[in-house]
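The values are calculated or read from the model by the stated rules, or taken from the named source; none is laboratory data. Note that this is a predicted model, so its numbers are computed, not measured. Heads up, the Cβs are rebuilt from the backbone with ideal geometry, glycines too, and the neighbour counts pull from every protein chain shown. Note: accessible area is taken over every heavy atom of the protein model, side chains too, but ligands, DNA and RNA are not part of it. Shrake-Rupley method; radii C 1.70, N 1.55, O 1.52, S 1.80 Å.
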Amino acid sequence: MTIRTMLAASVAFACLCAPALADTSSKKIALSNNYAGNSWRQAMLTSWDKITKEAVSKGVVAAADPFTTAENQATEQAAQIQNMILQGYDAIVVNAASPTALNGAIKEACDAGITVVSFDGIVTERCAWRIAVDFKKMGESQIDYLAKKLPKGGNLLEIRGLAGVSVDDEIHAGIAAGVSKNSQFKIVGSVNGDWAQDVAQRAVAGILPSLPEVAAVVTQGGDGYGAAQAFAAAKRPTPTIVMGNREDELVWWKQQKDKDGYETMSVSIAPGVSTLAFWVAQQILDGKEVKKDLVVPFLRIDQANLEENLKTTQKGGVANVEYSLEDAQKVIDAK
């Protein structure tokens with residue numbers, strides 16, 4: 001099953017209305033992004049640029065400008081959002097450094113009449129909209145998979161993401177819940193990989209000497225290949241490593257599968273969720289009634305459809321879905 005088919009299957013069918021362009025043609029939308037230091041964030045920005053440039057060229061909106069802070073600091077991102085308020089943007093789409101630390105700046109934007117849509121790293125300020133996958137379920141699905149593959153259980157190494165970001169907390173909570181239901185597994189080590197292969201490789205290499213035999217590695221995305229490299233360098237048996245839809249992970253997985261039948265699964269949120277957030281902001285500006293919390297499916301790749309999905313994943317990129325206006329309308333209208 002392709003990623004596009006997965007999207008189509010996961011969203012309820014709804015009648016599509018002709019897009020209204022005139023009401024938002026003078027509107028300006030900004031993207032506030034807190035971090036760009038891994039392949040997922042780069043793919044997210046590329047998707048934003050591709051979809052929004054076309055929207056601007058067609059006169060759907062007047063501008064869709066992306067901004068990324070130099071450091072993953074909530075204070076810096078809050079200042080960035082305050083600058084966007086002063087620059088007169090009509091909507092701000094936010095991938096947040098913290099679910100709570102930006103709430104003051106978000107409230108300022110709302111009070112100024114600006115639409116705020118958060119995605120991936122969402123915010124808790126009630127005036128903002130939120131778009132996310134069920135990250136807790138995504139984490140729990142890893143343990144569900146391992147319980148079937150390794151019914152006798154074993155020791156787990158957990159690679160977490162960026163500390164302090166809601167995504168990291170939610171995926172970790174799902175993994176913990178899965179382990180609680182499957183007591184045959186035990187987490188014997190935990191490191192932060194920052195959703196980046198190089199960071200994950202260094203972190204895993206640092207902790208491996210202190211760990212007993214590891215049956216599996218549970219991850220958050222962007223860390224699977226780095227973990228595999230660390231185990232190989234340490235000359236330790238390669239455990240079952242859950243992957244995160246990055247192209248280098250999928251290539252490595254296929255190589256191991258072809259060599260000796262290596263089995264795993266891969267799961268992540270699509271970087272193109274930024275384009276869904278753009279269209280949701282545009283629809284709100286156009287007067288569409290949109291519920292405050294929208295949930296989109298995570299993208300899972302399994303042993304049987306690895307090759308099919310690898311073919312459509314850009315080199316150095318991430319398995320992805322980019323949303324059209326019609327896709328966004330389906331998500332908005334889904335029950």
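Things to note:
- Using alpha carbons only: equivalent-ellipsoid semi-axes of region 275-335, gyration tensor based, whole Å: 29, 13, 8
- Scaled radius of gyration (Cα, divided by 2.2 N^0.38 Å) that the chain gives: 1.01
- When you count the other C-beta atoms within 10 angstrom of each residue and take the mean per peptide, 119-125, 307-313, 89-95, 323-329 line up highest first as 89-95, 119-125, 323-329, 307-313.
- For region 213-335, a Kirkwood radius taken over Cα pairs fed into Stokes-Einstein (10 °C, viscosity 1.306 mPa s) yields D = 98 µm²/s.
- Residues TRP129, TRP195, sorted by accessible area with the largest first, give TRP129, TRP195 [1.4 Å probe; ligands and nucleic acids excluded].
- Against the compact-protein benchmark of 2.2 N^0.38 Å, the Cα-based radius of gyration of region 90-137 scales to 1.08.
- Distance (nanometres) between label positions extended 7 Å along Cα→Cβ at GLN42 and LYS311: 2.6
- Convex hull volume of region 149-299 per residue (C-alpha atoms, cubic angstrom): 130
- Acute angle (nearest 10 degrees) that the helix 197-207 long axis makes with the longest principal axis of the chain, alpha-carbon atoms: 40
- Note that the chain presents 41 Å² accessible area per residue, ligands and nucleic acids not counted, probe 1.4 Å.
- Segment GLN82-LYS291, length gained on full extension (0.36 nm per residue, minus Cα span): 72.7 nm
- Pairs spanning more than 22 Å between alpha-carbon atoms, out of LYS137/LYS254; LYS58/LYS291; LYS254/LYS315; LYS28/LYS53; LYS137/LYS315: LYS137/LYS254; LYS58/LYS291; LYS137/LYS315.
- Ratio Rg/Rh [Cα only; Rh per Kirkwood] for region 133-231: 0.94
- Near the amide H of TYR323, within less than 5 Å, lie the amide hydrogens of THR275, LEU276, all on another chain or at least 5 residues away, with H placed in the peptide plane.
- For the chain, carbon and sulfur atoms together expose 52% of the accessible surface, with a 1.4 angstrom probe and every protein chain in place.
- Euclidean distance of C-alpha centroids, region 314-335 and region 177-255, integer Å: 28
- Its residues counted as N, region 256-306 yields a C-alpha radius of gyration over 2.2 N^0.38 Å of 1.79.
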